[in-house]
Amino acid sequence: MKFLAKLCIALLPLTAAAQIQGVSKDEIVVGTIQDLSGPLAALGTHFRNSLQMRFDEANAEGGIHGRKIRLVAEDSGYDPKKGVLAAQKLVQRDKVFAAVSNLGSPVMLATMPLFLERKVLHLFPAAAHPAAYEPLHKYKFQNLPSYATQIEKAAPELVRKNGYKKVGILYQDDDFGQDVLAGTEAALKALKLPMCGKATYKRGATDFSSQVATLKGSGCDFVVLGTVLRETVGALAEARKSGWDVPMLVQAAGYSAQVPALGGKVTEGLYGTPLTPHPYPDEANKKLMAWIASYKQKFNADPNAYTAIGYAQADLFVMAAQKAGPNLTPDSFAAALESLTREPDFLGSPRFKFSNTDHLGSRATRLAQVRNGRWENITDYME
């Protein structure tokens, strides 16, 4: 009897682990929803790769308390309906322990409730929308400041420095765009300036002639862009084609080396808000150079800013899972993350710190500008 009692006690951690979705004796299953085939595929591929890279590194070092991390990536095509189907598969069939770095505000807003209602951790979405961390919820965390926060901090810096008086906005007609609009309105309120003009576009639009004509006709001398990659290039190209050389500021969804690469000269002078700088090899420290080489060897592609963001997010997962201990549960993981601080790293990421009353790890934003075909940081992080 005593032997059986001791055996039962010894098996308790394994039994508990077996009851936790996505956690077994040997494995932790993590899911991610990316755009691998739609307008943000250039981002989604790198997010998926960066998560896999960091998890592979952790697995090569013995895993998390003996458990290997298995990543399951699903494609949404940047379509909320497809995102919901992907989330249902991850929760019901793959039985993931956590969803990490899900891409795109529209997709995140449609899918996040499906994870949370099943007590699946929703971590660090690649969507800087405040719903990712507000209202406070035990199982949702974000490390990226909202688009609104980025613009609230960056726009006044440029307006004051350059003396702009008539600020307008072009934004995507959805929740993502509304958040950029909210930040612009808050910035203008603090500056005591009126909104010069507004123009919207539907997700996936390619023609911006009417929107540019509206803002140009309103006399705007500075424009905030609530756009993603190719829409950023499209808006700039249309403005320059019409002879309108107005300065523009794009938030992090449009900060990518792909923008100057695609747009060429029309993107010169564009301002952006990098959450992590683009990893240019000729500006890299030794550790970053080794990381760039490792990524390129593994995926036959050059890393970008989104690769760096995703890698840091995967590292946050690894750190919290290690800190949670062998008996990994959503509650133990959340408690570990709430007491975790990740210092600035070789990638240029800011400091991330969480608490039991604040699940947003950083509010830091900085400014960059396209100069000679590449992004250059022009400020330090603004906390």
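Against the test of being among the hydroxyl-bearing types (S, T, Y) and either touching a Leu at 6+ places or on another chain (Cβ under 6 Å) or open to solvent by 20 Å² or more (accessible area, probe 1.4 Å) (or both), the options T200, T227, T273 yield a single qualifying residue, T200.
Of the residues making up region 336-369, those that are assigned to a helix (DSSP H, G or I) and touching a strand residue (DSSP E or B) at 6+ places or on another chain (Cβ under 9 Å) are L337, E338. The lone criterion from (1) open to solvent by 60 Å² or more (accessible area, probe 1.4 Å); (2) without any contact (Cβ under 8 Å) to a residue 40 or more places away in the chain left unmet by H65 is number (2). Write out, first by first residue and then by second, each pair whose Cβ atoms fall under 9 Å of each other, whose residues are 6+ apart or on separate chains, and whose first residue, in region 238-267, is among the acidic types (D, E) while the second is not in a helix (DSSP H, G or I). Partner pairs satisfying both residue conditions: E238/D207; E238/F208; E238/W244; D245/G269. Residues in region 113-135 that are among the small types (G, A, S), buried (at least 21 other Cβ atoms within 10 Å of the Cβ) and not in a loop (DSSP other than H, G, I, E, B): A126, A132. Applying a threshold of 8 Å to beta carbon distances and a minimum spacing of six or more residues, or different chains, the list of pairs starting in region 139-153 at a residue that is free of Cβ contacts under 8 Å to residues at least 60 places away in the same chain and crowded, with 24+ Cβ neighbours inside 10 Å and ending at one that is of a type in the set (A, V, I, L, M, F, W, C) and assigned to a loop (DSSP other than H, G, I, E, B) reads S146/A128. Residues that are assigned to a helix (DSSP H, G or I) and either among the hydroxyl-bearing types (S, T, Y) or closer than 30 Å to M195 by Cβ (or both) do occur in region 136-147.
Residues in region 175-189 that are open to solvent by 20 Å² or more (accessible area, probe 1.4 Å) and within 16 Å of V228 (Cβ to Cβ): D175, Q178. Of all the numbered requirements in (1) in a loop (DSSP other than H, G, I, E, B); (2) surrounded by 17 or more Cβ atoms within 10 Å (Cβ to Cβ), F333 misses one, and that requirement is (1). Within region 263-281, being farther than 18 Å from P350 by Cα and at pLDDT 95 or above holds for G263, G264, K265, V266, T267, E268, G269, L270, Y271. The sole residue among P350, P303, P326, P344 that is within 19 Å of the chain's Cα centre (by Cα), touching a residue at least 24 places away in the same chain (Cβ under 8 Å) and either open to solvent by 50 Å² or more (accessible area, probe 1.4 Å) or within 19 Å of D56 (Cα to Cα) (or both) is P303.
Just a yes or no: is a residue in region 93-106 among the hydroxyl-bearing types (S, T, Y), open to solvent by less than 10 Å² (accessible area, probe 1.4 Å) and not in a helix (DSSP H, G or I)? Within region 93-106, one or more residues are among the hydroxyl-bearing types (S, T, Y), open to solvent by less than 10 Å² (accessible area, probe 1.4 Å) and not in a helix (DSSP H, G or I).
The values are calculated or read from the model by the stated rules, or taken from the named source; none is laboratory data. The model shown is predicted, which means the values in this text are computed figures rather than measured ones. Glycine gets a Cβ as well: all are built from the backbone with ideal geometry, and neighbour counts include every protein chain shown. Heads up: the accessible areas ignore ligands, DNA and RNA and are worked out on the full protein's heavy atoms, side chains in. Shrake-Rupley method; radii C 1.70, N 1.55, O 1.52, S 1.80 Å.
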